[in-house]
Amino acid sequence: MTKELLENYIECGREIEFKYKDKMYSITYSPTDDDDFISFCEFYKEPSNVKAFDELLNISRDGTTVLQMWNSLTEGDIWIY
């Protein structure tokens, strides 16, 4: 999957769920009047909230960044809502 596709999903306000190395993750965009943020988390764990798309790409879990995870995914690993 491409970085541009992920950015498009986020800009459109889509909720993204994906499976990476047998773990489930989600990315959501929460626009509010004063405090927009993008949230990334492994299911049922504490989220990481960032203000910018580039910050999201650099979040790391188990030595792998969100961008590295995303680039390795196939269509069968991703659910968009």
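The values are calculated or read from the model by the stated rules, or taken from the named source; none is laboratory data. This structure is a prediction, so every number in the text was calculated from the model and none was measured. Here the Cβ is made from the backbone with ideal geometry for all residues, glycine too, and neighbour counts use every protein chain on show. Quick note on the areas: whole protein, heavy atoms, side chains included, nothing else; ligands and nucleic acids left out. Shrake-Rupley method; radii C 1.70, N 1.55, O 1.52, S 1.80 Å.
Based on Cβ point charges of +1 for Lys and Arg and -1 for Asp and Glu, what charge dipole magnitude is obtained for the chain about its Cα centre, in debye rounded to the nearest 20?
400 debye
Given a Förster distance of 22 angstrom, what is the FRET efficiency for Tyr44 paired with Glu4, based on the Cβ-Cβ distance and rounded to 0.05?
0.15
For mean projected area of the Cα convex hull in nm², the listed values are (1) 5.1; (2) 4.8; (3) 6.3; which was obtained by calculation from the structure presented?
For mean projected area of the Cα convex hull in nm², the calculated option is (1).
Of the chain, which part is the longest with no trypsin sites (Lys or Arg not before Pro) in a loop (DSSP not H, G, I, E, B) and with at most 15 other C-beta atoms within 10 angstrom?
The longest uninterrupted stretch comes out as 52-81.
Considering the dipole of the chain built from charges on the beta carbon (Lys and Arg +1, Asp and Glu -1) around the Cα centre, which of Ser72, Tyr29, Leu56 is farthest to its positive end?
Ser72
Excluding residues on the same chain fewer than 8 positions from Lys19, give the aspartates and glutamates whose Cα lies under 15 Å from its Cα.
Leaving aside aspartates and glutamates fewer than 8 places away in the same chain, those within reach of Lys19 are Glu42, Asp62, Glu75, Asp77.
Quick check on the range 1-43: take the gyration tensor over C-alpha atoms, sort the square-rooted eigenvalues as a ≥ b ≥ c, and tell me if it's rounded (a/c under 1.5), prolate or oblate.
Oblate, because a/c is 1.5 or more while a/b does not exceed b/c.
Quick check: at a probe of 1.4 Å, how many percent of the accessible area of the chain sits on carbon and sulfur atoms?
Accessible surface attributable to carbon and sulfur in the chain totals 45 percent.
Could you work out the helix-only [θ] at 222 nm for the chain, with each DSSP H run of four or more residues adding -39,500 (n - 2.57) and the total divided by the number of residues, to the nearest 500 deg cm²/dmol?
-7000 deg cm²/dmol
Would you kindly state how much longer the chain becomes between Thr65 and Arg14 on full extension, computed as 0.36 nm times their sequence separation minus their alpha carbon distance, in nm to one decimal?
Length difference between fully extended and current span is 16.3 nm.
Calculate one ³J(HN,Hα) per residue across the range 46-61 by plugging θ = phi - 60° into the Karplus curve 6.51 cos²θ - 1.76 cosθ + 1.60, and present them in order as whole Hz with x for glycine and proline.
Working through the residues one at a time gives 5, x, 10, 10, 10, 8, 10, 4, 4, 5, 4, 4, 9, 4, 10, 10 Hz.
Lys23 to Asp36: extension gain in nm, 0.36 nm per residue of separation minus the Cα-Cα distance?
2.0 nm
List the relative contact order of the chain as a percent without decimals, with contacts defined as Cα pairs under 8 Å and 6+ residues apart.
Computed value for the chain: 31 percent relative contact order.
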